[in-house]
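What follows is a short report on a single structure.
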Amino acid sequence: AVSAPVALVAGTAQTPVISYASTSQELADAATYPYFSRTCPSDSVTARAIIEVCKQLGWQHISFLVVDDSYGRSFKQDLETSASHVGINVAVSAKYLFSDVNTIRKGVAGIRESGVRVIIVVAFEDDIELISRVAEEEGVRD
C-alpha cells in the first residue's frame, strides 16, 4: 500500500524504485509508474495459480474475503478474472476494513449464508487471527 505513492513521487523526479515485495498489479502500469520495477511476480500471477489449484481440486464455487485497500481490491479483481476464465463461480466477494471486526463479521456472515465452503482470504498477517476467530464464531470454520 506504500509503493504506489512512493513510485508516483519518485517518478516525478525520474528516480527509479525497485521493490522486492510489492505485488500489486496496479504497479505494472508503465505509463503511471515509469520508474517502478519489482523483483517478485505481481498478484495476477499468484491469482492465476490460486485459481488453477481450485480448478485442479474440482472446486466450482468459491468465495473471497479481501482487505478493502488497493492491494486487496487489485488482488480480488485478478482472482475474479482468473476464475471467470476457467469457469469457476465466485459466489461471494466480500471486502473488510483493516482490523475492523464489524466489516469482517459482515463479510464472513455473507459467505456463511451462501453455503460456499471454499474461502480465499486476502489479508494482512495482523488480521488473520481476528478473521479466524470470527469465522469460528459464525460457524464457517470447522
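The values are calculated or read from the model by the stated rules, or taken from the named source; none is laboratory data. Remember, predicted model here, so these are calculated numbers, not experimental data. Every residue, glycine as well, gets a Cβ built from its backbone with ideal geometry; the counts of neighbours run over all protein chains shown. Each accessible area value is taken on the protein alone, full model and side chains, heavy atoms only, with ligands, DNA and RNA left out. Shrake-Rupley method; radii C 1.70, N 1.55, O 1.52, S 1.80 Å.
Largest GNM mean-square fluctuation across VAL92, VAL101, VAL53, computed for the chain with C-alpha springs under 10 Å, falls on VAL53.
To the nearest ten degrees, helix 43-56 and the longest principal axis of the Cα atoms of the chain are 30 degrees apart. Taking the Cβ of GLY110 as the center, what net charge do the other residues with Cβ under 11 Å away carry, scoring Lys and Arg +1 and Asp and Glu -1? Result for the neighbourhood of GLY110: +2. The residues TYR20, TYR35, TYR71, sorted by heavy-atom accessible surface at 1.4 Å with ligands and nucleic acids left out, run TYR20, TYR35, TYR71 from largest to smallest.
Find out how many positive minus negative residues lie around LYS76, taking Lys and Arg as positive, Asp and Glu as negative, among other residues whose Cβ is under 13 Å from that of LYS76. Neighbourhood net charge equals -4. In a Gaussian network model over the chain where Cα atoms closer than 10 Å are linked, find which of ILE128, ILE62, ILE88 has the largest mean-square fluctuation. Sorting by GNM fluctuation, first place goes to ILE128. A helix-only calculation puts the chain at -15000 deg cm²/dmol for mean residue ellipticity at 222 nm, using -39500 (n - 2.57) for each DSSP H run of at least four residues, averaged over all residues. Computed about the Cα centre, the dipole magnitude for segment 3-92 is approximately 140 debye when only Lys and Arg (+1) and Asp and Glu (-1) carry charge, each at its Cβ. Only one item in [x] -0.78; [y] -0.70; [z] -0.88 matches log10 I(q)/I(0) by the Debye sum over Cα atoms at q = 0.14 Å⁻¹ derived from the coordinates shown, and that item is [y].
With every protein chain in place and a 1.4 angstrom probe, the accessible-area ranking of HIS61, HIS85, largest first, reads HIS85, HIS61.
Once both labels are positioned 7 Å from their Cα atoms along Cα-to-Cβ, the gap between HIS61 and ILE18 label points is 4.8 nm. GNM on the chain, alpha-carbon springs under 10 angstrom: the most fluctuating residue among ALA94, ALA30, ALA123 is ALA30. For the Cα atoms of the chain, what angle does the longest principal axis make with the long axis of helix 125-137, in degrees from 0 to 90, nearest 10? The helix 125-137 is inclined about 10 degrees to the chain. Across q = 0.24, 0.25 Å⁻¹, segment 22-80 modelled as identical point scatterers on its alpha-carbon atoms has Debye log10 I(q)/I(0) values of -0.99, -1.04, in the order of the q list. Net charge of the neighbourhood of PHE36, taken over other residues with C-beta under 12 Å away and scored Lys/Arg +1, Asp/Glu -1, is -1. To the nearest 10, the accessible area of ASP126 is 120 Å² with a 1.4 Å probe.
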